[in-house]
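Report on the following structure.
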Amino acid sequence: MVGIWNLEGCLQATNGQIAARKAKKMDSALSEALRRGNPVVFFDVAIGGAPAGRMRLELFKKDCPRTVENFRGPGTNGCQFFFTCAPCDWLDGKHVVFGKLLDPASLLLLRKMESVPVGPNSKPKLAISVTECGEL
């Protein structure tokens, strides 16, 4: 007989509700980016060979169309980019900036990547790699 107060069931329901709210926020951010006419791309990231999560970015097509187009097509693996993890006053939205992280999960993954210990020359001790990428 299942009691009215089933802790495991409550936790599953609560976790499901939290997941649904997160999904709704992520869908809202994606919809807003697409409404602005900006492509949304994803990077699946591995840290030390283990899957770490997915980053979703909105690319600013209107502001820097050539840079955004460099993300498309075969043979684009020579493309270089970086994420800033601290305030950079000189990057005021006019220079170099071509996109932004779309959701809290992407920011958490960035923080996870940032926290990987480094060795000589600030090289991460664990390999951080993009295992899959594409446009949503």
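Read-outs: derived from the displayed coordinates by stated rules, not from any lab. All figures in this text were calculated on a predicted structure; none of them were measured in a lab. Please note: Cβ atoms are built from the backbone with ideal geometry, for glycine as well, and neighbour counts cover all protein chains shown.
The simple Förster model, with R0 at 30 Å and r as the Cβ-Cβ distance, assigns Ser28 and Lys112 a FRET efficiency of 0.80. Protection proxy ranking, highest mean first, for peptides 82-88, 101-107: 101-107, 82-88, where packing is the per-residue count of other beta-carbon atoms within 10 Å, averaged.
Computed from label points 7 Å out along Cα-Cβ, the spacing between Cys85 and Ile128 is 0.5 nm.
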